[in-house]
Amino acid sequence: MTTTAANDRIIALAGGVGGAKLADGLSHLLGDKLTVVVNTGDDFEHLGFHISPDLDTVTYTLGGVANSQQGWGLEGETWRFMEQLARLGGPAWFKLGDRDLATHAYRTNRLREGATLTEVTAELSAALGVTSRLLPMSDDAVRTVIHSGGRSIAFQEYFVRLACGVPVDRIAFAGAAAAQLNPAIGALPRPAAVIICPSNPYLSIDPILAVPGARDWLKGLGVPIVVVSPIVGGAAIKGPAAKIMQELDAPVSALGVAAHYQGLADGIVIDSCDEALAPEIAALGIAVHVVPTVMRSKADRVELAGSCLAFARTLPRTPGAEAAPASTK
Ligand code: FO1
């Protein structure tokens with residue numbers, strides 16, 4: 001990890017696998033100067049456990065123990081529990097690895113003891129050696145619901161059981177209106193910039209923004225907000241983002257991503273192959289930075305993270321905001 005100046009705090013927003021990769025690069029550069037606000041709209045109760053897939057993906061990735069092939073779950077996992085569960089005729093569609101199960105049991109037990117999700121997340125991430133701070137968007141239950149052909153489908157049913165195989169008409173965030181933004185988020189010192197990681201805008205970032213006060217908090221920071229496009233060359237790096245954009249009649253491109261964040265993002269990082277879109281995006285009032293964004297290696301994550309921080313430093317901030325981050329190189 002590279003040493004940074006005292007005011008080099010950065011806040012990142014992240015959801016699943018793609019977001020976790022950039023958060024990992026940022027964490028490598030910033031360590032405890034980074035706070036990652038994580039989507040909990042994917043959380044659900046399953047087999048009596050409270051499962052927080054995105055919190056676990058970010059924790060495992062920053063802890064260096066994530067399964068590199070699938071992106072979620074643990075490296076070197078075994079599946080004896082699932083084998084036995086299937087033999088018993090239990091619900092085997094959502095795969096819980098033997099060691100991953102310990103995370104869910106630990107979290108569920110601590111929540112039953114009265115700990116908040118924020119407290120449990122801090123305990124789990126500390127145990128796995130994560131130096132950056134991870135904060136669930138809310139300690140209250142917010143649940144992403146997919147509306148498709150007159151049906152309401154719970155998020156993991158849609159994502160895993162149905163393999164995103166039904167068309168999305170609308171996405172809702174049950175419980176969001178009554179949820180409180182994690183108080184630890186409002187108490188964060190003003191950062192130098194906010195980075196919205198290349199997570200699915202509709203499934204991973206929108207749930208965070210749906211928590212009352214989240215948008216106002218972000219805008220009120222008065223610092224550059226930079227989003228990294230998860231759409232590269234008209235396709236999603238991973239997951240159903242492109243399919244959902246098509247189904248919701250949004251242009252499946254970095255331009256569509258920029259339009260989605262218009263009014264919130266000050267800058268967008270797009271892939272070199274999308275350079276031709278830069279003038280149209282700039283016309284939306286969003287500054288554009290063009291670099292390779294596909295993260296195949298740890299070095300790619302760190303490179304893109306450094307690039308995002310450098311880009312953020314070029315963007316104007318509200319007078320009175322703290323100084324831009326010093327170089328992390
Ligand atoms: N994703 C799958 O595609 N299939 C699974 O069986 C599955 C199990 C699973 C267990 C724990 C966990 O933390 C994540 C898991 N995921 C699985 C990933 C998860 O459904 C998605 O990555 C996110 O919710 C979307 O960001």
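Tell me, yes or no, whether region 159-172 has at least one residue that is farther than 29 Å from residue 34 by Cβ, small (Gly, Ala, Ser) and more than 16 Å from the ligand (Cβ to nearest atom). For region 159-172, residues farther than 29 Å from residue 34 by Cβ, small (Gly, Ala, Ser) and more than 16 Å from the ligand (Cβ to nearest atom): present.
Restricting to region 270-312, name every residue that is closer than 22 Å to residue 223 by Cα and among the polar types (S, T, N, Q). 307, the sole residue that qualifies. Under the condition of being within 9 Å of the ligand (Cβ to nearest atom) and touching a helix residue (DSSP H, G or I) at 6+ places or on another chain (Cβ under 7 Å), the residues counted in region 55-64 number 3. Of all the residues in region 256-273, those that are touching a strand residue (DSSP E or B) at 6+ places or on another chain (Cβ under 9 Å) and farther than 28 Å from residue 72 by Cα number 3. With respect to the conditions (1) surrounded by fewer than 16 Cβ atoms within 10 Å (Cβ to Cβ); (2) in a loop (DSSP other than H, G, I, E, B), residue 198 lacks only one, and its number is (1). Filtering region 128-153 to residues that are more than 16 Å from the ligand (Cβ to nearest atom) and under 25 Å from residue 236 (Cα atoms) leaves 147, 148, 149, 152. Only one of the listed residues (215, 190) is assigned to a loop (DSSP other than H, G, I, E, B), at pLDDT 95 or above, basic (Lys, Arg) and surrounded by fewer than 20 Cβ atoms within 10 Å (Cβ to Cβ). That residue is 190.
I'm trying to understand the selection: among the residues of region 1-21, which are within 15 Å of residue 199 (Cα to Cα) and either within 14 Å of the ligand (Cβ to nearest atom) or at pLDDT below 90 (or both)? Can you show your working first?
Initially, region 1-21 is screened for residues within 15 Å of residue 199 (Cα to Cα), giving 11-21.
Matches in region 1-21: 13, 14, 15, 16, 17, 18, 19, 20, 21.
Only residues that are within 14 Å of the ligand (Cβ to nearest atom), loosely packed, with under 15 Cβ neighbours inside 10 Å and either touching a residue at least 60 places away in the same chain (Cβ under 8 Å) or not small (Gly, Ala, Ser) (or both) were counted across region 84-124, and they come to 3.
If the requirement is being without any contact (Cβ under 8 Å) to a residue 12 or more places away in the chain and assigned to a loop (DSSP other than H, G, I, E, B), which of these qualifies: 165, 222, 239? Reasoning before the result, please.
Details: 222 fails: without any contact (Cβ under 8 Å) to a residue 12 or more places away in the chain; 239 fails: without any contact (Cβ under 8 Å) to a residue 12 or more places away in the chain.
Residue meeting the stated conditions: 165.
What residue, of 156, 180, is under 14 Å from residue 41 (Cα atoms) and within 13 Å of the ligand (Cβ to nearest atom)? Spell out the reasoning first.
On the way: 180 fails: within 13 Å of the ligand (Cβ to nearest atom).
Just one listed residue meets the conditions, 156.
Looking at 32, 43, just one residue is among the charged types (D, E, K, R) and away from the ligand (no atom under 15 Å from the Cβ), and that residue is 32. A single entry from 146, 153 fulfils the requirement of being among the hydrophobic types (A, V, I, L, M, F, W, C), farther than 17 Å from residue 213 by Cα and surrounded by 21 or more Cβ atoms within 10 Å (Cβ to Cβ): 146. Contact map, region 49-78: first residue without any contact (Cβ under 8 Å) to a residue 24 or more places away in the chain and part of a loop (DSSP other than H, G, I, E, B), second residue among the small types (Gly, Ala, Ser) and away from the ligand (no atom under 12 Å from the Cβ), Cβ cut-off under 7 Å, separation 6 or more or different chains; pairs are 75/68.
The values are calculated or read from the model by the stated rules, or taken from the named source; none is laboratory data. Since we're looking at a predicted model, the values are computed, not measured. Here Cβ is always computed from backbone atoms with ideal geometry, including for glycine, and neighbour counts include all displayed protein chains.
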